[in-house]
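Working notes, structure below.
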Amino acid sequence: MTRRDVALRACGCAAAGLFFMAMVGCTADGGADGGATSRAPAASPPSPASPAPARPSSTAPPAPGTTAVSLVPELDESKQPKTAAEARALLDRIVITEDAFGPDVVRRTPFESSPGRWPVLDEKCVWQTTGLPPDVLATSTRYFQIPAGNGHGRVQLNATVTVHHNRAESGWETARAMEEVVRCPEQKLREGEDLTGLLGTVNHQGEQLNNWSEDAFSEFGTYVSAQGGEPQPYFWYQAQFGPVTVAIAGKGAEGFQQETLSQLIVQGNSRMLAQAKQALGKAAG
């Protein structure tokens, strides 16, 4: 069994599967566009000097029990970027703004991660940043929030797009993400900000109703801040198409419905994956 197979199967736990089904159900119930691995935790945005590690078409995934028709087009390999400049141009076509989430979501400050930086989970399960690894041509994380009000606290969202040279490299990114959850169910984002009780699952295309992505990765747990307040739900949802991975991370807030948070995560991820397919997929006919 290869390292990738071990990573993708290591945490097929029931709880993670239930979360995945809940995400599908939220989308099918209406509100999301339809149907990711860089690791950009949904915590406070980094300072410019220390950047944080940070689906298909507009059709939603089918509800449980329905027949899944593949929504993954054939990759046009001639469209894959070969240089960092080409990757950045592709990234700009995929990354989203606050409009993808709806009127309640606004930009945080800073709005974007610094270019050329990559998150790494060290041996002590603490997130660090370093230069881009050889398999990454370009990556970007954007930071959003729903300000506190209407009976709830501040909700935080991150949107990350990463462009690799090819499909194999983006697949290994997903495998490493799964390994990180298994190795470090407790993670430190930075001083005073922690993720606890993390669980994750990966589904290849055709597995567990995944008909919109070549690989779908979901992670969930609890976000704890030293600034006070109750621990809040934390979600990371990622999808892959060809050399591209797209991901949305979300941190809940007191008084904010968890179902609404998961819907926003799927909605943002759906938009980015749809734009990746439009940019890299073969034209029909």
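None of the figures in this text is laboratory data; all of them are computed from the coordinates on show. Everything quoted here is computed from the prediction, not taken from an experiment. With ideal geometry, Cβ positions are generated from the backbone for all residues, glycine too; neighbour counts draw on all protein chains shown.
Points to keep in mind about this one:
- Three-way shape label, the range 90-241, alpha-carbon gyration tensor, a/c 1.5: rounded
- Residues of the range 171-198 falling in the label zone of K124, defined by backbone nitrogen less than 15 Å from a point 7 Å along Cα to beta-carbon, are 187-194.
- Ranking of H164, H204 by neighbouring Cβ atoms within 10 Å, starting from the fewest: H204, H164.
- Overall form of the range 197-254 per C-alpha gyration tensor (a/c, 1.5; a/b vs b/c): prolate
- Spin-label model, V106 to E186: label points 7 Å out along the Cα-to-beta-carbon direction sit 3.7 nm apart.
- Sparse-neighbour loop sites [trypsin sites (Lys or Arg not before Pro); the range 211-285; at most 14 other C-beta within 10 Å; DSSP]: K282
- Alpha-carbon Debye profile of the range 231-285, log10 I(q)/I(0) at 0.15, 0.29, 0.31 Å⁻¹: -0.49, -1.09, -1.17
- Of the GluC sites (Glu not before Pro) found in the range 125-202, those that fall in a DSSP loop while having at most 11 other beta-carbon atoms within 10 Å are E191.
- Ranking of Y143, Y234 by count of other Cβ atoms within 10 Å, fewest first: Y143, Y234
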